1. On the given criteria, is B:Val20 more than 14 Å from chain A (Cβ to nearest Cβ), in contact with a helix residue (DSSP H, G or I) (Cβ under 9 Å, 6 or more places away or on another chain), surrounded by 15 or more Cβ atoms within 10 Å (Cβ to Cβ) and not small (Gly, Ala, Ser)?
2. Conditions: (1) part of a strand (DSSP E or B); (2) within 13 Å of chain D (Cβ to nearest Cβ); (3) in contact with a Leu (Cβ under 7 Å, 6 or more places away or on another chain); (4) closer than 25 Å to D:Pro95 by Cβ. C:Val129 meets all but one. Number of the miss?
3. Would you mind stating whether B:Val71 is under 14 Å from the mean Cα position of the chain (by Cα), over 30 Å from A:Ser18 (Cβ atoms) and facing chain A (nearest Cβ under 9 Å)?
4. Sort through B:Leu66, B:Leu76, B:Leu92, B:Leu109 and tell me the only one that's among the hydrophobic types (A, V, I, L, M, F, W, C), surrounded by fewer than 24 Cβ atoms within 10 Å (Cβ to Cβ), facing chain A (nearest Cβ under 10 Å) and farther than 23 Å from A:Met16 by Cβ.
5. So which residues in the range A:1-36 are assigned to a loop (DSSP other than H, G, I, E, B) and under 13 Å from the mean Cα position of the chain (by Cα)?
6. Anything in the range B:34-55 that is at pLDDT 95 or above and at positive phi? List them, or say none.
7. In this structure, does A:Glu4 turn out to be in contact (Cβ under 8 Å) with a residue 12 or more places away in the chain, touching a Lys or Arg at 6+ places or on another chain (Cβ under 8 Å) and away from every other protein chain (no Cβ under 12 Å)?
8. Just give me the residues in the range C:71-119 being in contact with a Pro (Cβ under 6 Å, 6 or more places away or on another chain) and either assigned to a strand (DSSP E or B) or modelled with pLDDT of 95 or more (or both), in sequence order.
4 protein chains.
Amino acid sequence: MSTESVLPPAELQRLMHSGVPLAAAFDIGVEAAGAGTIRVRLPFKPDFLRPGGTVTGPALFALADLALWGVVLTRLGREELAVTTNLTLNFLRKPPPRAVIGEGRLIKLGKRLAYGEVFLYSEGDDEPVAHATGTYSIPPR
Amino acid sequence: MSTESVLPPAELQRLMHSGVPLAAAFDIGVEAAGAGTIRVRLPFKPDFLRPGGTVTGPALFALADLALWGVVLTRLGREELAVTTNLTLNFLRKPPPRAVIGEGRLIKLGKRLAYGEVFLYSEGDDEPVAHATGTYSIPPR
Amino acid sequence: MSTESVLPPAELQRLMHSGVPLAAAFDIGVEAAGAGTIRVRLPFKPDFLRPGGTVTGPALFALADLALWGVVLTRLGREELAVTTNLTLNFLRKPPPRAVIGEGRLIKLGKRLAYGEVFLYSEGDDEPVAHATGTYSIPPR
Amino acid sequence: MSTESVLPPAELQRLMHSGVPLAAAFDIGVEAAGAGTIRVRLPFKPDFLRPGGTVTGPALFALADLALWGVVLTRLGREELAVTTNLTLNFLRKPPPRAVIGEGRLIKLGKRLAYGEVFLYSEGDDEPVAHATGTYSIPPR
């Protein structure tokens, strides 16, 4: 199996920004991509705060969801109609007001369903602030 | 047990908008609240689209997450530092480009953890587009 | 939509016991079934204990999983090859050493996937000890 | 941080078998343990079959749940009263009638909650048949 992404990071980011306006509004970036792996980045914005001065869950969810969507596309190419079937987000530490990095990988790519996980880190930290797992439904070809 | 919310819907909405800028940016409204129940509303915005012309996951997640936070506050009052421990979002039908209603209820309120569920509906439809379950951690008093 | 189960409770229980030896070993019973609803029962056995004198998670999971399988069959009939895609079990209260009742219902029945929830109760109690949600994959016909 | 388990594998297995009769009935073994890692094994038994000739979900859940409980004990020592708060099991491939290996690791150990994941493999296979994530509640000391 090739270790190269079918789509380069810049193309994945372009697809995210053109297909998902929230990804563009949040300035989510694709920093790296391999076949079944992806690194995405959410810059910090004051709009992402929640009580306690930490990054709000929906911003983390957006990053995790787009990481999983992107990681499916690293293997399938332009399959923008892949849709989330479910996504579970576990919060592990309070994310300080700083950029968040998502490291995603595909665990299983089937004909109908794909499954992967994403670890989210505050930029510069080694301990994850959150962990997501999710299933995507792949449209019949 | 009283069936009245400790906080009226307008006050819950005010807390959401002042504490969580994304809730204000998304114009999330609190339409009704009882002791352990809440109805929230996400108006449609073109920014919420995703490929296929449906409402994007992160917008649904934001609504579900705020519904669960709000439903905890209907029982505990101003406990803004309650934080999500985990949230699972299951997508059931493609949500058309229309407002989304969230009907949340608290299933268990313990000393340390609260657990609830939210059904999300396209406004005017009876069949849910998504279902969320989540756990909130309650800070020690 | 009919409110009657395609299969009567006794037939659902027979399918569970013949197809899933663990269901027979655990003496799981089907007490009632409608179109998209089911009530199952796990009798207490000393083998189900865990430290603290409560009912162990795997026994609750078995009951929830079979409830969801059964509830799919209340609508589809003999579709024993429906398989769990994922199941999330949330534990809400410590279940005392007593029979456990599962009340399951189908939330969505699609062509490829079915999704439902199960509330688990200690027999005679009104407050749930656990809540499960799960997705089943339906084989192509 | 030490990489050695506080409790050796044989002691973890003894605690499982004495505290959880189902673990003994299923012959679940602890093959290896480090500080925050564990390898467990479920031998195949005809009782674990389900329609289609694969290993049934409740048997996989039991293995995953005990792996997570055990992996908490590799760090905390004898803390048998740690209880599952939630566990999500994602099924990825049909497990053939063969022993199942669980590779668990602790992702976060907090004061009140611990979170980890387990990959399940059919013995001798490299591709996981299932993936579990779960949260455990740690009793106050």
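The values are calculated or read from the model by the stated rules, or taken from the named source; none is laboratory data. Given the structure is predicted, the values throughout are model-derived calculations rather than measurements. Quick reminder, even Gly has a Cβ in these numbers, built from the backbone with ideal geometry, and neighbours come from all protein chains shown.
1. Working: more than 14 Å from chain A (Cβ to nearest Cβ): no; in contact with a helix residue (DSSP H, G or I) (Cβ under 9 Å, 6 or more places away or on another chain): yes; surrounded by 15 or more Cβ atoms within 10 Å (Cβ to Cβ): yes; not small (Gly, Ala, Ser): yes.
Taking the combined requirement at face value, the residue does not satisfy it.
2. (4)
3. Numbers: under 14 Å from the mean Cα position of the chain (by Cα): yes; over 30 Å from A:Ser18 (Cβ atoms): yes; facing chain A (nearest Cβ under 9 Å): no.
In short, no.
4. B:Leu92
5. A:Val20, A:Phe26, A:Asp27, A:Ile28, A:Gly36
6. Matches in the range B:34-55: B:Gly36 only.
7. no
8. Going residue by residue through the range C:71-119, those that are in contact with a Pro (Cβ under 6 Å, 6 or more places away or on another chain) are C:80-81, C:92, C:99, C:119.
Of everything in the range C:71-119, those that are in contact with a Pro (Cβ under 6 Å, 6 or more places away or on another chain) and either assigned to a strand (DSSP E or B) or modelled with pLDDT of 95 or more (or both) turn out to be C:Leu92, C:Ala99, C:Phe119.
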